Amino acid sequence: IVELKKALNKIGFGGISVTDYYGSFTTRRIKEFQSYYDLEATGIADKKTMDKIYEVANSPYQSGKRHPDMIEIKEALNELGFGKITVTTYYGSYTVKKVKEFQEHVGLKANGIIDGKTLEKIKEVREAPLRLGVRRPDVIELKKHLNAIGYGGILETDYFGSFTAKRVKEFQTDFHLTPTGVADRATLDKVKEIASSPH
């Protein structure tokens, strides 16, 4: 029970006094954990629940650990605007901070540990195109690039409004992309290419 409580505190289902007693507050936290990870919310720490708790608590993607996949994860976070993370295999305190910011932004448990839900969400957000109504940090970078390459007058905020959609459509037309006003991967890559061109 002591180990279980330590693990729950670590992964964001905390505030539990670390004793060997399994009381009503521990039961409540177990239920919250089970609901969050789509397990049957019984409040009982069965094998399936315990396995999931320790899987998250022992994630290779957490403070003080190294993992080769961290390079791609950090690149994704930088790209999404949760960045300025040095791209190495090491998971340091700054990465923890940025992961927590991402988790808060997308409505996940902000524990600074990259579990399966966080990885899935990073991938989902990274692959989602920037479009009208979206509010994301990487919209700022798109706007900066568009302003720099002559599709300007865009207020550099994290909101993708109708004027940004208009400018994206103009850019797409000029560079023979389908003029949708949606900044999909092909559009973002082309914008970045033009913006970083020395000419």
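The values are calculated or read from the model by the stated rules, or taken from the named source; none is laboratory data. Just so you know, these numbers come straight off a predicted model, no measurement behind them. Don't worry about glycine lacking a Cβ; one is built from the backbone with ideal geometry, like all the others, and counts go over all protein chains shown. We work out accessible area using only protein heavy atoms, side chains counted, and drop any ligands, DNA or RNA first. Shrake-Rupley method; radii C 1.70, N 1.55, O 1.52, S 1.80 Å.
Observations on the model:
- Over segment 32-117, Cα pairs under 8 Å with separation of 6+ residues give a relative contact order of 25 percent.
- Sorted largest first, the spans of the alpha carbon positions of segment 17-132 along the three principal axes are 44, 36, 21 Å.
- Helix 185-195 vs. the chain, principal-axis angle (Cα, 0 to 90°, nearest 10): 60
- Length gained on full extension, VAL87 to SER17: 21.5 nm, using 0.36 nm per residue less the C-alpha separation.
- 29 Å Cα-Cα threshold exceeded, pairs from LYS109/LYS144; LYS123/LYS190; LYS52/LYS143; LYS65/LYS143; LYS6/LYS97: LYS109/LYS144; LYS52/LYS143; LYS65/LYS143
- Remark: segment 10-24, residue by residue, has Karplus-estimated 3J(HN,Hα) of 5, 8, x, 10, x, x, 8, 5, 7, 10, 8, 9, 9, x, 5 Hz, where x stands for each Gly or Pro and the curve is 6.51 cos²θ - 1.76 cosθ + 1.60 at θ = phi - 60°.
- Sites SER196 and GLU124 - FRET efficiency at Förster radius 22 Å, r taken between beta-carbons, to 0.05: 0.25
- In segment 71-103, trypsin sites (Lys or Arg not before Pro) in a DSSP loop with at most 16 other beta-carbon atoms within 10 Å: LYS84
- Accessible surface calculations at 1.4 Å, restricted to protein heavy atoms, place the chain at 54 Å² per residue.
- Tilt relative to the chain, helix 70-79 - C-alpha long axis, 0 to 90 degrees, to 10: 50
- Applying Stokes-Einstein at 25 °C and 0.890 mPa s to the Kirkwood radius of segment 115-199, computed over alpha-carbon pairs, gives a translational diffusion coefficient of 187 µm² s⁻¹.
- For segment 134-187 versus segment 1-55, the gap between their alpha-carbon centres in whole angstrom: 45
- Taking N as the residue count of segment 1-72, its C-alpha radius of gyration divided by 2.2 N^0.38 Å amounts to 1.17.
- Estimated D of segment 57-100 in µm² per second, where Rh is the Kirkwood radius over Cα pairs and Stokes-Einstein applies at 10 °C, 1.306 mPa s: 157
- Only helical runs count toward this figure. For the chain, summing -39,500 (n - 2.57) over DSSP H runs of n ≥ 4 and dividing by all residues gives -16000 deg cm²/dmol at 222 nm.
- Within the accessible area of the chain, the carbon and sulfur atoms contribute 53%, probe 1.4 Å, all protein chains present.
- Treating each Cα of the chain as an identical point scatterer and summing with the Debye formula, the log10 of I(q)/I(0) at q = 0.12 Å⁻¹ comes to -0.70.
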